[in-house]
Amino acid sequence: MDNTIESAEDKLSIANRKLLFQNEEKEKRAAELSIANKELIFQNEEKEKRAAELSIANKELIFQNEEKEKRAAELIIANTELAFQNDEKEKRAAELIIANTELAFQNEEKEKRAAELIIANKELAFQNEEKEKRAAELIIANKELAFQNEEKEKRAAELIIANKELAFQNEEKEKRAADLIIANKELLAFAYISSHDLQEPLRKIQTVVTIILENENKNLSEKGKYNFQRMQLAAGRMQQLIDDLLAFSRINTTDHQFEKTDLNLIIEEVKNELRDTMQEKHASIEVTEICPANIIPFQFRQLMYNLISNALKFSNPDIPAHIIVTAAL
Amino acid sequence: MNPKELNILLADDDIDDCHFFKEALDSLPQSNRLTIVNNGDELMEYLLENIERLPHVLFLDINMPRKNGFECLSEIKAHESLKDLPVVMYSTSGSKDKINVLFNTGADVYIRKPSNFAQLVQVIHHVLPMAAENIFSNGKLKYILNA
């Protein structure tokens, strides 16, 4: 137990010493604080002065601040107004941009069009020149045509007169043609009737000749027989002519009848008919290269008869006639 | 050759042609009996009078006074008792149209009057046997004897 008291006395002694030390320290600290206090009082005084100054300055600032707030309010209003105006202007600007773009596009188009119009204009100017040249030419041509027209009108007037004359002549000719057609028909009818009538007595002559030649044959001299034969031939020739005349008179009512005919036969017939004349003229007929032909026999026989009899008729009587008949295609 | 004697009737106004016909008939080997009338009226009169003893054949000229051959032919062919009489037309015309009309009317033979006596004899000689046997009655055969 002693220890405990001793330890406690030790402890109190230690604490006392610590407290003494702390006291000393605190006195030192109080002295320092007193100094600091004085300092602070001074500083406080300074600060009060400063605060007074600041208060004044603050009032000034408050006033200024109020002014500024008024100003700010005004500015806010002004600002709002400006913002509105700005918006409007932006809208307007946007519109203008669109309008501008549109105008720019229109402008380009107009420039293109203008370029085209310039080209077209040049072309038109060129054409215009050409047309003027052409117009000038046409004026000249027109004058020429007007002149020609006048000439033609004169000519036309002459032709009208000539035409009337021709029309008159034509009428006359038509009348004449009509008369001729009638006359022709009458002639053909006459040819038909007369040849028909001629046929009868001729047929009787021929029949009588054949009766005499047959029944009186032994009573006739050779000369008599020969002369009767010549008479028979001449009558035959006449009959042929009448038959041909009849056929001819039927020409306009019936078609021409072409027949494949041996020309040798026709020439032989003609030779027989012309025998007397040929003997008188000491004539000979030479027939070469004759072929069958498509002909109207009675017309061709007449043609050959006329050709050969004319050849004999107009031959030189001092030289024996030599007639050559030949054919070619 | 043909023992039967034929009754032949000729209707023709031309004296020469009648003479030629008779002469041709006479020159045939067989003998025949020829009766001649000179116009159409006379012909029809003769036929109607001799209706019981008609000729074997009629040679009929076309161009005759009063009644021509065509009219006579029409009457004969329309007459009940005369229509079977063989009719030989005997004329100068050579028109085919005319001949066709005659055939359509009932003519049996057409002879164009020849200008040669021998041909006349020949053509009569050719026709008479046909008439004797009346081979025309079937009406099928038509002859043109174009001398």
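The values are calculated or read from the model by the stated rules, or taken from the named source; none is laboratory data. No experiment lies behind these values; they were computed from the predicted model shown. Cβ: placed from backbone, ideal geometry, glycine included. Neighbour counts: every protein chain shown. Note: accessible area is taken over every heavy atom of the protein model, side chains too, but ligands, DNA and RNA are not part of it. Shrake-Rupley method; radii C 1.70, N 1.55, O 1.52, S 1.80 Å.
All of A:Pro317, A:Pro201 fail the test of being within 14 Å of chain B (Cβ to nearest Cβ), open to solvent by 60 Å² or more (accessible area, probe 1.4 Å) and on the phi < 0 side of the Ramachandran plot, apart from A:Pro201. Can you find a residue in the stretch B:40-61 that is within 14 Å of chain A (Cβ to nearest Cβ) and closer than 18 Å to B:Val123 by Cα? Scanning the stretch B:40-61 turns up at least one residue that is within 14 Å of chain A (Cβ to nearest Cβ) and closer than 18 Å to B:Val123 by Cα.
It is to be established whether one or more residues within the stretch A:157-166 are more than 14 Å from every other protein chain (Cβ to nearest Cβ), over 60 Å from the mean Cα position of the chain (by Cα) and in a helix (DSSP H, G or I). Within the stretch A:157-166 (the criterion being more than 14 Å from every other protein chain (Cβ to nearest Cβ), over 60 Å from the mean Cα position of the chain (by Cα) and in a helix (DSSP H, G or I)), the answer is no, since none of the residues qualifies. Of the helices (runs of 4 or more DSSP H) lying entirely inside the stretch A:204-312, those containing at least 1 residues that are open to solvent by less than 70 Å² (accessible area, probe 1.4 Å), closer than 20 Å to B:Ala118 by Cβ and not assigned by TED's automatic domain parsing to the domain that holds A:Val325 span A:222-249. For the stretch B:107-123, a residue qualifies if it is within 10 Å of chain A (Cβ to nearest Cβ) and buried (at least 22 other Cβ atoms within 10 Å of the Cβ), and the qualifying residues are B:Lys113, B:Pro114, B:Ser115, B:Phe117, B:Leu120.
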